[in-house]
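Here the structure comes first, spelled out in C-alpha cells, and everything after it is commentary.
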Amino acid sequence: MSRPLAVTNVRLVDPASGYDGPGAVLIVEGVIADVARGQGLGSLSKDVEVMDGAGGLLLPGLVDIRVKTGEPGFETKETLKSAARAAAAGGVTTIVVQPDTHPVVDEPSVVDFILRRARDIELVKVLPAGAATKGCEGQRMAEIGLMAEAGCVYVTDADKPIVDSKVFRRVLAYAKAFGVLVAHRPADPWLSAGAAASEGEFASRMGLPSMPAAAEKIMLERDLALVELTGARLLVDQVTTATALEALKRGRDRGLPVVASTSINHLSFNEIDIGDYRTFCKLDPPLRSEDDRQAVIEAVASGLIQVIVSAHAPAPPEDKRLPYDEAAPGAVGLETLLPALLAFHHEGRIPLIDLIRTVTSAPADLLGLPSGRLAKGAPADLVLCNPNTPVVIDADKLTSKSKNSPFDGRRLQGKVLMTVADGRVVYRA
Amino acid sequence: MSAAPPGLNEVLQRTFSFPKRHFLSVLDLNEVEVANLLDLADGFVSLNRQTSKKLDLLKGRTLMNLFFENSTRTQSSFELAGKRLGADVVNMSPRQSSISKGETLIDTAVTLNAMQPDLLVVRHGSSGAASLLSQKVTCSVINAGDGQHEHPTQALLDALSMRRAFGRIAGLRVAICGDIAHSRVARSNVSLLQMLGAEVRLVGPPTLLPPQAERWGAAIHHDMRQGIAGCDVVMMLRLQLERMDGVMAPSQREYFRFFGLDREKLACAAPGVRVMHPGPMNRGVEIDSDVADDLAVSLIQDQVEMGVAARMAVLTSLAARLENDR
C-alpha cells in the first residue's frame, strides 16, 4: 500500500454531514483516516505525504449512477477502461454502468464480468446496474436476486420503458423482496416513438418528429400508481419536464418511496441548443423547452430531484454525423459533469453544498454505498478542484473515447486538480 | 446559344448580389433577395417560352442532382434548369446505385464532392440533411426538400406563380390546406409568404396540423369553408394515402368530404380565387378533378412551368458567387 496522504489547506464540502468550511483530510490504506474541520490534522508521522491543497475545494468523489460504456459489445464507443479514465479526469470516483450492452447485463455472469474488468482496470469504482427484464425487452423478469448477490446495485431497462404494466408491477414487487432498487425511464412508448425532439414551436418549425411532455408524465403517473400498489422503492430515471415534476411532487407529498434523477444536460441546455440540427444535442429524453429546464433547476434547488447524473452515453462520429433524426441520441458527460454543475453555484441558483449532494451522498445513500462522504472510515474517494478556474470545453480533448459533448465550446468554471479513488491518485491535472 | 429575351437582359444587367453560398432555407433570404430572384425568374419564363432556350450563364459548371427520395418533378425541373443555363447535369439516385451501400450521407456527399461539382442539389428524407451536407462539401448546396423541414425552391416558384397571377403578393390571403404537419412545402411557404406580406391561414384537421402551429403567425382553421373564406389563393397539399387509413384521418372518403377541395367549398373563397398544388395530386382525395383541371381557377400547371424558371434564377444567383478557379 502507498504512503498515507494528507490533503491540507482545503475547503471541505461534505453534504453528508452538512459541513462546508476549511479543513484537511488524512488518507491511510485507501480509507479516510481522519477529517479535520477548521484546524489542521495535528502532528503527522513522518511517512505521511502532505499535499497542500492551496485553498482548493475538496469534495467527496462524485458518484454518477447513470453511465453507459460500450463494453461489452460496442467497444468502439467506449470501453470500461476509457470510461473509467474519463471519470477519473472528471472527479467521478464511482460510476454505475447501464445494462443495455451486448450481451445485456441480465444474469449474474455479466455482472461478474464487469466487476472483474473494473477490478483489473483499478481506476475508479465501476458498479453494474442489472437489467430489470431479460434482454431489456420488458417481457420476462431478469435474474434480479442472483444479480444483486453478484453485485449489481440496482435494476433498470435503461432507456427502454417497461411498457407492460403487469410486468413492471412484478419487477417492483419482486425487487422489493430482495431490497433491490428499481430505476425506470418515464416515457410513454407510443407518444415518444420515433421522436427526435420535444414537441413545441421549435421542433415544429424544424420539421422534427417530436414527443409531447405528456409522454413523460403519463408513464410517471403509472409508475407512481404501481409504487403505491407494491410499496417498492423507485428511482425515476431522468425527469425533464415541468408537467412530470408536478406529478412527482404529488407522489412524494403522498409519501411514496420515490427518488428522482435528472441529467446535467437537461439542466444545462434547452431545445434551442439543437440549433441547426446539432446532433450532439440529440438526447434521450430530448432537450426540453426553457420553461421545462427552469422547472428542473427549481426542482433540484427544492430537493424534489435528489440525484443528478451525467447520463454519459458515448457515440462515435459514425453514429452522430448523420441527419438529425437518424443520429444516435446521447452525450458524453463524465468529464464535464462537475464544471457544468458548478455553473448553478456560480449563478447563485443553488447553494454549493446542495449541488454537491446530488452527485455524492444522495446517490450513494440511494444505493447504500459507503462512499460519497468525507467521513472517518469511508472509502478515500476524493476530488480536489478549483471551482473558479475558467475552462473552455474542447470535445476533441476529452479523455472519453467518443467526443460527442454538447458542451463543446462552452465556457465553464471549475477544474479538477486531483482525483483520489480508494486512496490512489487516479488523476492529476 | 440563344439571345436572352429583353426583360431577362435587363435583370441580368442589374447588379444585385446574392451573398449566399448555399440555398437551404427560406429563412436565409431577405425580401430584397426574394424580389430579385423573382424578377430574374420572370425573365427566365420568357426565355423558356422561346424556341431556343439555351444560355451559357453556367457554361463549364457541373450540376449534380442527388436525390435520396424519388421525385420526377423536382429532379427534372432542376435538370432542365441546369441544362438551359449551359451546365453539365448529372443525376444521382443513391437509392438505386451502389454508391450508398453502407455509406453514410456525409461519405456519399464527400465522395461526390471530390468529383468537383459546382452545384449540388439535394433531396433527402431527413430534416436538416441539406444543411448537414453543406457543412461538409465545398460546392454550393441547394435544398430540394429535406424531410419535413423546407423546400425553398418550391416556395419560390409558388410565389412566382402568385405574383404573375395577381401582380403582387402583399395583401393576398392564402389558405394552405391539408397535411401541414408533414409538409416541407407548407413550412417554406408560410415563411416566404409572410415575409412578402401575404396573410397565411392553415387549414386541416388537428391531426395534420403541426404542434404549436398557432405560433407560426398564421390563423388556424379546422373547418375548410371558414378557412378558405375570402381567400385569394387556396394551396392544397398532398396527403399520403397511408396516413389516411385511420391514422391521421379516418378514411379517404371522410377526408374528401371535410377537407377535399371541390367546387362547393371553393365557392366560399374570394372571387377570382386561384388554386395551387405542389403535386403530385391525389385526385378525389384532397382535390376534385373538376377544380384541378379548370384552367380559369387552377395554377397547378403554371407552378410546374415556374419551377424551371425559379430554379434557373437560384442556380444563376448561386453560380455568380462561385469561385472561378479553385
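The values are calculated or read from the model by the stated rules, or taken from the named source; none is laboratory data. Here the structure is a predicted model, which means the values were calculated and not measured. Don't worry about glycine lacking a Cβ; one is built from the backbone with ideal geometry, like all the others, and counts go over all protein chains shown. Protein only, heavy atoms only, side chains kept; ligands, DNA and RNA dropped before computing areas. Shrake-Rupley method; radii C 1.70, N 1.55, O 1.52, S 1.80 Å.
What to note about this one:
- Unique match (being within 30 Å of A:F202 (Cβ to Cβ), open to solvent by 20 Å² or more (accessible area, probe 1.4 Å) and either more than 10 Å from every other protein chain (Cβ to nearest Cβ) or at pLDDT 95 or above (or both)) among B:V121, B:V137, B:V110, B:V90: B:V110
- Qualifying residue in the stretch B:98-108 (condition: closer than 15 Å to B:A144 by Cα, among the charged types (D, E, K, R) and in a loop (DSSP other than H, G, I, E, B)): no
- Scanning the stretch A:262-289 for residues that are in contact (Cβ under 8 Å) with a residue 24 or more places away in the chain, among the charged types (D, E, K, R) and part of a loop (DSSP other than H, G, I, E, B) gives A:R278, A:K282, A:D284, A:R288.
- A:G61 vs. criteria within 15 Å of A:A378 (Cα to Cα) and in contact with a Gly (Cβ under 9 Å, 6 or more places away or on another chain): yes
- Residue check, B:S126 within 14 Å of chain A (Cβ to nearest Cβ), in contact (Cβ under 8 Å) with a residue 12 or more places away in the chain, hydroxyl-bearing (S, T, Y) and in a loop (DSSP other than H, G, I, E, B): yes
- Inside the stretch A:303-326, residues that are closer than 19 Å to A:K401 by Cβ, away from chain B (no Cβ under 14 Å) and open to solvent by 30 Å² or more (accessible area, probe 1.4 Å) make up a count of 0.
- Scanning the stretch A:290-302 for residues that are open to solvent by less than 30 Å² (accessible area, probe 1.4 Å) and without any contact (Cβ under 8 Å) to a residue 60 or more places away in the chain turns up A:A295, A:V296, A:I297, A:V300.
- Verdict on A:D284 being open to solvent by 10 Å² or more (accessible area, probe 1.4 Å), more than 14 Å from chain B (Cβ to nearest Cβ) and farther than 21 Å from A:A343 by Cβ: yes
- Scanning the stretch A:1-22 for residues that are touching a residue at least 60 places away in the same chain (Cβ under 8 Å), open to solvent by less than 60 Å² (accessible area, probe 1.4 Å) and closer than 14 Å to A:G55 by Cα yields A:V7, A:V10, A:L12, A:V13.
- Candidate set: the stretch A:180-225, residues that are among the polar types (S, T, N, Q) and within 9 Å of chain B (Cβ to nearest Cβ); chosen: the one most open to solvent (accessible area, probe 1.4 Å): A:S210
- Number of the condition not met by B:H182 [criteria: (1) more than 14 Å from every other protein chain (Cβ to nearest Cβ); (2) touching a residue at least 12 places away in the same chain (Cβ under 8 Å); (3) out of contact with any strand residue (DSSP E or B) (no Cβ under 9 Å at 6 or more places or on another chain); (4) open to solvent by 40 Å² or more (accessible area, probe 1.4 Å)]: (1)
- The helices (runs of 4 or more DSSP H) found entirely in the stretch B:1-93 that carry 2 or more residues being touching a strand residue (DSSP E or B) at 6+ places or on another chain (Cβ under 8 Å) and closer than 19 Å to B:M306 by Cβ are B:72-84.
- Filtering the stretch A:349-398 to residues that are closer than 16 Å to A:V124 by Cα and surrounded by fewer than 19 Cβ atoms within 10 Å (Cβ to Cβ) leaves only A:P370.
- For the stretch A:228-245, filtered to residues that are free of Cβ contacts under 8 Å to residues at least 60 places away in the same chain and surrounded by fewer than 24 Cβ atoms within 10 Å (Cβ to Cβ), the residue that is farthest from the other protein chains (Cβ to nearest Cβ) is A:G231.
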